[in-house]
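What follows draws every value from the coordinates through simple rules; no lab data is involved. Not measured: the values here are computed from a predicted model. All Cβ positions, glycine included, derive from the backbone under ideal geometry; neighbour counts span all protein chains shown.
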Amino acid sequence: MKVTGVMIQYYVACKRELWFFANQINMNYDNEDINIGRHIHEKSFSREKKNIKLGNIAFDFIKTGNHNTIFEIKKSSKLEEPVRYQLYYYLWNAKKMGKEMDGVLVYPKEKKREKITLTPEKAEEIENMIHDIKRIVSEPHPPPVVRKPYCKGCTYYELCMV
């Protein structure tokens, strides 16, 4: 099984959401927040070539120069920590392919940017997460519900809370 950046994000945000996603239990991916996010992604950095693939990872875009930088565009910073780890995963993956890169999280609506650098400690965390993700998604049942402030905005809310 290949672990993806989205799986890393879900692992940090909610292991139950990770399990549903990895086991292809897809809820309403046509919800308003997702559509707004797609629109922001399409309209932001319109001059840049987007949806770049590097091996088995796909990220929003890359700027090359003295140092290559991976950019991830997000609708809001509400889930900052999970999104940071998604970008750490991309940087870790690039490093495994021999490409040293930095990352930048961009929140266009908030006019906010955050530079992300992969440290040896974060690389080790990512490796541990990958092992744990593989364990979680192979379980026959999802992990128990853990209530979090952002549950109400989750596409799996009804599956977990009803």
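Determine the alpha carbon to alpha carbon distance for each of LYS99/LYS148; LYS109/LYS134; LYS99/LYS134; LYS2/LYS148; LYS63/LYS152; LYS63/LYS148 and list only those over 32 Å.
Values: LYS99/LYS148 36 Å; LYS109/LYS134 34 Å; LYS99/LYS134 25 Å; LYS2/LYS148 27 Å; LYS63/LYS152 35 Å; LYS63/LYS148 35 Å.
Where the Cα-Cα span goes over 32 Å, the pairs concerned are LYS99/LYS148; LYS109/LYS134; LYS63/LYS152; LYS63/LYS148.
Stretched out fully, how many nm does the piece from ASN56 to LYS134 gain, at 0.36 nm a residue minus the Cα gap? Please report the intermediate quantities before stating the final value.
Numbers: separation 78, 0.36 × 78 = 28.08 nm, distance 1.63 nm.
Full extension from ASN56 to LYS134 adds 26.4 nm.
Show me the GluC sites (Glu not before Pro) within segment 95-145 that DSSP assigns to loop and that have at most 16 other Cβ atoms within 10 Å of their Cβ. Can you show the working numbers first?
Values: sites: GLU100, GLU110, GLU114, GLU121, GLU124, GLU125, GLU127; in loops: GLU100.
Hits after loop and neighbour filter: GLU100.
Output ³J(HN,Hα) for segment 73-88: one whole-Hz value per residue in order, computed from phi by the Karplus curve 6.51 cos²θ - 1.76 cosθ + 1.60 with θ = phi - 60°, and x for Gly and Pro.
Rounded to whole hertz, the list is 9, 10, 5, 8, 8, 4, 10, 4, 5, x, 5, 4, 5, 4, 5, 4.
Report the trypsin sites (Lys or Arg not before Pro) located in segment 126-162 that are in a DSSP loop and have at most 13 other Cβ atoms inside 10 Å of their Cβ, or state none. Let's see the in-between values first.
Numbers: sites: LYS134, ARG135, ARG147, LYS152; in loops: ARG147.
Loop-located and lightly packed - ARG147.
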